[in-house]
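Shown next, in structure tokens, is the structure this report addresses.
The numbers here are math on the coordinates, done by the rules we state, and not lab data. Because the structure is predicted, anything quoted here is derived from the model rather than measured. Using ideal geometry, Cβ is built from the backbone for each residue, glycine included, and neighbour counts are taken over all protein chains shown.
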Amino acid sequence: MLRWLTAGESHGEALLGIIEGMPSGLYLEADHIDKYLAKRQGGYGRGARMSIERDRVNILSGVRHGMTLGSPIALMIRNLDWKNWKEKMAPFPLSGSDGPADDASISRPRPGHADLPGSLKYNQTDIRNILERSSARGTAATVALGSVAGRMMQELQITAMAHIVSIGGISIKDKIDPWQCEGAVSNSRLYCADAEAEAAMIEEIDRARHDGDTLGGVFEVRIRGLHPGIGSHVQADRRLDGQLAQAVMGIPAVKGVEVGLGFGVASRPGSKVHDPICYDAVSNTYRHIGNNAGGIEGGMSNGEEIVVRAAMKPIPTLMKPLDSVDMMDKSAVSAHAERSDVCAVPAASVVAEAEVCLVIARALLEKHGGDSMAELQENYNAYKKLISGR
Ligand SMILES: Cc1cc2nc3c(=O)[nH]c(=O)nc-3n(C[C@H](O)[C@H](O)[C@H](O)COP(=O)(O)O)c2cc1C
């Protein structure tokens, strides 16, 4: 079984990820991971922190001479900003003259953050003890793990991509196919396939920055090349759509997840929602006319492209802070403000691609098994042969 875990604080020494269950014999180099780390750091609208960091992975275990060993793969990304936080985030107790030069503690919770419920739940007087982990800086480790999963999928000719659908209420044109504009998406400052919409989104981000405000938006992850039968209808927690929704909803600030037509299904009759089935005698496969189902029927992949869309709320740290309460004396104050992104929808789309790849890779390994890539390939090809022409 594929499983993974991350650790690390925003201003701690490093971020860590461990993934276990990856087959042996997968070609994997740091470059495969670094490319996605750089993408997560990018996107117009990021804050000053991302200009300090230059995320690079350090592969600590599970890979030898560029090949996975089948043992747990441990990945580390150092925080360059750590040098400024060594004392304030020291794991050992500080006392007397060793105490931090400037106090980094926070008592004014930010609306929309983990600050208030986290400090009550974990019994903390310093909100920093919560925000250091609730910060989305930790998603760098998720992206590193997801890029390992994506590497495995590539070997099976399954490809993933993420792109931006809207920011601050400005949307791309309806008919744009992001696969056709893959080059435009990767060259875009917002990972957006529509240059005209991108220009308007950038203006909107600049306006929000000027006003001390923030913006959210919608992004999409697509998976191409997946055969039918990944996931299962037999138990709720084995449904692929349920697993994808959980993974993407688990990204900080994501407040809605749709598969295919998503919420659009509710207002249309069945004849305008369900995708008719046909048989393609050339490829010996069943196909659907349209893909409102987003590639999933009955909790299983149906052979069409997987389409997962998510809504991200505006960043909750505002430079013109909202009203809050000082938890030290209960007085009415403005919420804490610290350097922050104005819009992180492009970065979140990279995190979502990683989450989706992790879920798909786990489902693939659950279905086909294999301790080595050779075994996985053989099982995978045998299954494809079995269902071909059925
Ligand atoms: C890639 C990414 C970057 C983010 N950057 C910031 C940020 O700079 N400042 C901030 O306040 N929130 C940021 N967030 C959102 C918060 O982490 C999130 O809103 C917070 O943890 C509360 O969780 P919730 O919104 O899911 O309730 C970011 C989220 C993502 C996915």
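List of remarks:
- For Val248, the requirement of being within 16 Å of the ligand (Cβ to nearest atom) and part of a strand (DSSP E or B) is not met.
- Ser271 falls short on exactly one of the conditions (1) more than 27 Å from the chain's Cα centre (by Cα); (2) within 29 Å of Ala354 (Cβ to Cβ); (3) assigned to a helix (DSSP H, G or I), and that condition is (2).
- The requirement of being buried (at least 23 other Cβ atoms within 10 Å of the Cβ), among the small types (Gly, Ala, Ser) and not in a helix (DSSP H, G or I) is satisfied by Ala310.
- Cβ-Cβ contacts under 7 Å between residues 6 or more apart (or on different chains), taken from a first residue in the range 338-352 that is more than 15 Å from Tyr44 (Cα to Cα) and among the small types (Gly, Ala, Ser) to a second residue that is near the ligand (Cβ under 8 Å from one of its atoms) and in a loop (DSSP other than H, G, I, E, B), are listed as Ala352/Ile251.
- Restricting the first member to the range 27-46 and to residues that are touching a residue at least 24 places away in the same chain (Cβ under 8 Å) and under 16 Å from Glu355 (Cα atoms), and the second to residues that are of a type in the set (Asp, Glu) and not in a helix (DSSP H, G or I), the beta-carbon pairs closer than 8 Å and six or more apart or on different chains are Leu37/Asp55; Arg40/Asp55.
- Among the residues of the range 25-47, the one identified as in a loop (DSSP other than H, G, I, E, B) and among the acidic types (Asp, Glu) is Glu29.
- Condition met for Leu120 (more than 24 Å from Lys39 (Cβ to Cβ) and over 21 Å from the mean Cα position of the chain (by Cα)): yes
- The listed residue being touching a strand residue (DSSP E or B) at 6+ places or on another chain (Cβ under 6 Å), under 15 Å from Arg137 (Cα atoms) and not basic (Lys, Arg), out of Ala311, Ala344, Ala335, Ala352: Ala352
- In the range 38-52, the residues that are of a type outside the set (S, T, N, Q) and within 12 Å of the ligand (Cβ to nearest atom): Lys39, Arg40, Gly42, Gly43, Gly45, Arg46, Gly47, Ala48, Arg49, Met50
- Any hit, the range 262-275, residues being within 16 Å of the ligand (Cβ to nearest atom), over 30 Å from Gly389 (Cβ atoms) and charged (D, E, K, R): no
- 1 or more residues farther than 30 Å from Met373 by Cβ: qualifying helices (runs of 4 or more DSSP H) within the range 52-159: 115-121, 128-134
- Considering residues of the range 331-357 that are among the hydroxyl-bearing types (Ser, Thr, Tyr) and more than 8 Å from the ligand (Cβ to nearest atom) only, the residue surrounded by the most Cβ atoms within 10 Å (Cβ to Cβ): Ser349
- Filter result (surrounded by fewer than 18 Cβ atoms within 10 Å (Cβ to Cβ), touching a residue at least 40 places away in the same chain (Cβ under 8 Å) and on the phi > 0 side of the Ramachandran plot) within the range 128-186: Gln157
- Test: residue in the range 208-221 that is exposed (fewer than 15 other Cβ atoms within 10 Å of the Cβ) and part of a loop (DSSP other than H, G, I, E, B): yes
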